[in-house]
Amino acid sequence: MENKYGIIKAHPRPKVLPETGILHFNHKGKTLMARCPAFGPGSYIDNIGAMQQSFYHSPALPQISFRPATTSESISITHEHLTYVKKKILDKRWLQLGYHVLTSEGVFVNPPKDAQEDSPIVDENILKSHLNACKKSHGIYLGNNDFGFAPYDSFKRGVQESGEFAESGLARLLEYTYRKIALNLKKISSKENYPGGVRVSEFDASIEPVLRVSALVSLGYLGDRLCVGGGSHGDNGGGDAFGVSPTGEASRTQK
């Protein structure tokens with residue numbers, strides 16, 4: 001037994017986690033959780049790095065972590081919480097949707113990770129091999145974990161109307177839909193929200209495959225237009241990115 005004059009060791013202090021809010025969003029019939037506010041502003045690499053830590057939300061969620069949202073999940077969040085996302089992010093800076101790879105023939109979105117390097121696969125031949133497990137839908141290819149491919153002739157660059165963009169291969173790929181139209185992006189880019197339509201930029205052919213970040217931003221100074229950009233590097237530019245909880249479906253009772 002320890003005598004009354006002995007040293008009593010301190011109990012370990014409970015780990016103090018940074019607090020965070022969450023928001024619920026519907027994604028393909030499931031209710032998921034995303035961090036609120038989004039991570040950023042910063043480069044996409046920095047924002048992904050910030051997702052590695054754990055956070056405290058409530059007694060029901062005392063330790064919650066996040067992973068980068070896919071392009072499709074980012075679009076679902078934006079669609080369901082458009083007023084908030086437009087005011088807090090799109091009208092101020094880029095919303096980083098997720099990674100894509102530009103090649104000589106088309107765009108690969110949400111590329112799978114290299115298991116050894118823990119980074120997105122950029123090798124065009126390897127990416128093409130993953131198309132064998134994809135389903136072709138109205139000119140684009142859709143596979144597992146929101147991975148897919150759209151050839152350049154399936155979409156138009158430059159300024160276009162919301163409906164034209166929503167029917168394009170790029171919109172349907174980013175949203176990951178088997179439909180002929182990307183309904184969420186159609187609502188986001190509608191004339192009510194963006195009278196100037198949509199501008200698709202920097203989704204151009206590259207002789208050598210390059211890794212880039214898909215992003216959305218409002219271009220009020222160009223006629224209140226939604227810009228869908230494909231030229232952002234992962235380590236440059238100030239933007240926000242959504243992190244999604246990897247723990248599965250959320251309960252609507254959680255606040």
Of the candidates Asn125, Asn110, Asn132, Asn144, the one satisfying the condition of being under 21 Å from Asn26 (Cβ atoms) and exposed (fewer than 15 other Cβ atoms within 10 Å of the Cβ) is Asn144
Which of the numbered conditions does Ser201 fail, given that it passes all the others? Conditions: (1) hydroxyl-bearing (Ser, Thr, Tyr); (2) farther than 18 Å from Asp91 by Cα; (3) touching a Gly at 6+ places or on another chain (Cβ under 8 Å).
(2)
Do you know which residues across the stretch 52-82 are modelled with pLDDT of 95 or more and over 13 Å from the mean Cα position of the chain (by Cα)?
Glu80, His81, Leu82
So, of the residues in the stretch 120-153 that are more than 20 Å from Glu208 (Cα to Cα) and polar (S, T, N, Q), which turns out to be farthest from the chain's Cα centre (by Cα)?
Asn132
Name the pairs whose Cβ atoms lie under 7 Å apart, with the first residue in the stretch 213-229 and farther than 9 Å from Val198 by Cα and at pLDDT 95 or above, the second among the aromatic types (Phe, Trp, Tyr) and not in a strand (DSSP E or B), and 6 or more positions between them or separate chains?
Val213/Tyr44
Scanning the stretch 206-224 residue by residue, the ones that are part of a loop (DSSP other than H, G, I, E, B) and either within 23 Å of Lys135 (Cα to Cα) or among the aromatic types (Phe, Trp, Tyr) (or both) total 1
Test of understanding: among Arg212, Arg225, Arg199, which residue is of a type in the set (D, E, K, R) and within 18 Å of the chain's Cα centre (by Cα)?
Arg212
In this structure, does Lys191 turn out to be in a loop (DSSP other than H, G, I, E, B) and either charged (D, E, K, R) or at pLDDT 95 or above (or both)?
yes
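The values are calculated or read from the model by the stated rules, or taken from the named source; none is laboratory data. This is a predicted model, so every value here is computed, not measured. So basically every Cβ, Gly included, is an ideal-geometry build from the backbone, and we count neighbours across all protein chains shown.
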